[in-house]
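**Q** Encoded as structure tokens, here's the structure I'll be asking about.
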Amino acid sequence: MSMPIRLSCLLWLCTGLAPMPVPAQPAADALMLATDLRGEIDVAAYYVSEKLDGVRGRWDGRALWTRGGHRIAVPAAFTRGWPDAPMDGELWLGRGRFDETSALVRGADPSDPRWRQLRFLVFDLPGHPGPFSERIAAMRGLTTRTAHPHLAMIAQARLPSRSALDARLAEVVDGGGEGLMLHHRDARYAAGRSAALRKLKPFDDAEARVVGYLPGKGQYTGMVGALLVEHADGRRFRIGSGLRDAQRRDPPVIGSLVTYRHNGVTGTGLPRFARFLRVRDDEPPSPLSGAGGRPGTSSPR
């Protein structure tokens, strides 16, 4: 039984934006990225915030961009009056609403009523030269002065100990959140992975590229049973768990970058109990095979 495969179509249009010159596209690697928290740290030296399950965005003073460097088409009122200072943050509708947020950001439809609910939660200022403790004060002042309904600063807190940190993690996860972010008080903003910015979650996650599909059996006959994915180092494995029926009928296109959860790795270095989480919609599919593929096939190398 054949199955239709959705063609990827990211519509990064300027519809709804106030007329302005198109700014230069920010480099995709210009953002400060977190590393996993391993072992013990001086918790008191860090500011702690919730790790949001939204779409990361960067405001360059005139336009919003995704992490992958695509301009986001927003209603003109969404950013009208925002400051001209660069801001790093998360487009967020609320816990457990990543799919809605992603669809809204990709949809390029400024008339969608969900724009009224969306907020850009600022967690850093890339252009500020000071340490993070100073950038917090600057973010607070910036968002307070702007007083815009779609712009706010994410809550930052100081915790005294690892036990307090673990208790905060449990509170967030029990409430449907993903985890925590920890930012060292003395850290300057620097592009790339940084040990001064940590993420703490009750599970590991990673990314891999979709290169094919495995056909489903039993109740999944005629649908995708598992995604065949490939790590950057060329190792391939399957991800079947975590896919919803709608995703099995209309799976991520070949070349898509997907995020998955796992419980550590096996002796051969492959993820243990890999579970599909989401598609990385802020990056277009890699041209592995053109428009897509069919279940049970993999794309050309």
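The values are calculated or read from the model by the stated rules, or taken from the named source; none is laboratory data. On a predicted model such as this, the values are computed, not experimentally measured, just so you know. A quick note on method: Cβ atoms are made from the backbone with ideal geometry, for glycine too, and the neighbour counts reach across all protein chains shown. Please note that ligands, DNA and RNA were not included when accessible areas were found on the heavy atoms of the full protein model with its side chains. Shrake-Rupley method; radii C 1.70, N 1.55, O 1.52, S 1.80 Å.
**Q** At a 1.4 Å probe, what is the % contribution of carbon and sulfur to the accessible area of region 30-182? Write out the running numbers ahead of the final one.
**A** Values: 3110 of 6120 Å².
Reported share for carbon and sulfur atoms: 51 percent.
**Q** Whole-Hz Karplus ³J(HN,Hα) for region 253-263, in order, using 6.51 cos²θ - 1.76 cosθ + 1.60 and θ = phi - 60°, x for Gly and Pro?
**A** In residue order, the calculated couplings are 5, 4, x, 5, 9, 10, 9, 9, 9, 7, 10 Hz.
**Q** Between D174 and A137, with labels modelled 7 Å along Cα→Cβ, what's the label distance in nm to one decimal, could you check?
**A** About 3.6 nm separates the two model spin labels.
**Q** Compute, for D84, the solvent-accessible surface of its heavy atoms (probe 1.4 Å) with the complete set of protein chains present, and express it in square angstrom to the nearest 10.
**A** Roughly 130 Å² of D84 is accessible to a 1.4 Å probe.
**Q** Treating only the Cβ atoms of Lys and Arg (+1) and Asp and Glu (-1) as charged, compute the dipole magnitude of region 72-208 about its Cα centre; round to the nearest 20 debye. List each step's numbers first, then the result.
**A** Values: 19 positive and 17 negative charges, 92 e Å.
Value, rounded to 20: 440 debye.
**Q** Moving on. Sort W92, W65 by accessible area with a 1.4 Å probe, largest first. Show your work: numbers first, answer last.
**A** Details: W92 35, W65 10 Å².
Greatest to least solvent exposure: W92, W65.
**Q** Give the long-range amide H neighbours of G212: residues separated by 5 or more places, or on another chain, with amide H under 5 Å away, using H modelled in the peptide plane at 1.01 Å from N.
**A** Correct list: L228, S299.
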